[in-house]
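Visitor: Encoded as structure tokens, here's the structure I'll be asking about.
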Amino acid sequence: MTELSAEVIEFLSAGTRTGMLGYVASDGRPLVAPVWFVVDDGELVFNTGRNTAKAHALARDSRVVICVDDPHPPYSFVQVQGIATMTEDAPELLDIATRIGGRYMGTHRAIEFGRRNAVPGELVVRVRPTKVNSAFNIAD
């Protein structure tokens with residue numbers, strides 16, 4: 001599957017689950033970093049600083065994976081392999097940062113976190129799925 005199904009989108013969008021972003025370091029080592037994200041138009045979207053290890057790695061090699069799990073019984077996970085693109089588009093950055101702030105910090109703080117994270121030097125990262133793996137209710 002290369003697209004996010006309705007079931008996958010519902011799972012990814014529930015609560016405040018953190019995505020684990022897998023990418024490749026300059027020396028070839030696999031690295032993983034937590035990211036706050038939203039689902040937008042069939043893509044997983046997050047923001048990061050232009051000068052972070054993540055941004056440098058994605059500029060070198062845009063292939064990524066994001067894994068999101070529910071660590072509570074009956075356990076579920078979604079793994080999205082994809083291609084990342086980055087932009088500094090200010091209106092998009094403010095929109096995404098505000099939506100992420102609302103999701104993870106609460107709607108009452110969405111604007112505050114959006115403004116804090118939509119500053120020069122920040123990027124919007126969009127992950128277009130190329131393969132989606134999922135398993136729901138594993139322990140049932």
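Visitor: At 20 °C and 1.002 mPa s, grab the translational diffusion coefficient of the range 1-51 from Stokes-Einstein with a Kirkwood Rh over Cα pairs, rounded to a whole number in µm² per second. Walk me through the intermediate numbers first.
Guide: On the way: Rh = 12.6 Å.
Answer, rounded: 170 µm²/s.
Visitor: Rounded to whole Å and sorted largest first, what semi-axes of the equivalent ellipsoid does the C-alpha gyration tensor of the chain yield via the square root of 5 times each eigenvalue?
Guide: Numbers: eigenvalues 110, 77, 32 Å².
Over the Cα atoms of the chain, the ellipsoid semi-axes are 23, 20, 13 Å.
Visitor: Tell me, what ³J(HN,Hα) does each residue in the range 33-49 have, in order and in whole Hz, if you take phi through Karplus 6.51 cos²θ - 1.76 cosθ + 1.60 with θ = phi - 60° and put x for Gly and Pro?
Guide: 9, x, 9, 8, 8, 10, 9, 9, 6, x, 10, 8, 10, 9, 10, 8, x
Visitor: With every protein chain present, what is the per residue accessible area of the range 6-135 (1.4 Å probe, Å²)?
Guide: Details: 6660 Å² over 130 residues.
Per residue, the range 6-135 has 51 Å² of solvent-accessible surface.
Visitor: Please tell me the relative contact order of the range 1-70 in percent, rounded to the nearest whole number, where contacts are Cα pairs under 8 Å and at least six residues apart.
Guide: 36
Visitor: How far apart, in nm, are the 7 Å Cα→Cβ label points at R109 and R29?
Guide: 3.1
Visitor: Within the accessible area of the range 6-135, what % is carbon and sulfur when the probe is 1.4 Å and the other protein chains stay in place? Before the final figure, lay out each step's value.
Guide: Numbers: 3590 of 6660 Å².
Carbon plus sulfur share of accessible area: 54 percent.
Visitor: Specify the residue with the greatest mean-square fluctuation among L31, L123, L58, computed from a Gaussian network of the chain linking alpha-carbon atoms under 10 Å apart.
Guide: Comparing L31, L123, L58 in the GNM, the peak value goes to L31.
Visitor: Now a separate question. Local charge sum around D89 (other residues, Cβ-Cβ under 12 Å, Lys/Arg +1, Asp/Glu -1)?
Guide: Values: positive: R126; negative: E88, E92, D95, E122.
Here the charged neighbours net out to -3.
Visitor: Tell me, in nm to one decimal, what length is gained between S13 and D40 on full extension, where the rule is 0.36 nm per residue of separation less the Cα-Cα distance? Before the final figure, lay out the partial values.
Guide: Values: separation 27, 0.36 × 27 = 9.72 nm, distance 1.00 nm.
The span from S13 to D40 would gain 8.7 nm if fully extended.
The values are calculated or read from the model by the stated rules, or taken from the named source; none is laboratory data. Note that the structure is predicted; figures quoted are calculated from it, not measured. All Cβ positions, even for glycine, are placed from backbone atoms using ideal geometry, and neighbour counts span all protein chains on display. All accessible areas refer to the heavy atoms of the entire protein, side chains included, with ligands and DNA or RNA removed. Shrake-Rupley method; radii C 1.70, N 1.55, O 1.52, S 1.80 Å.
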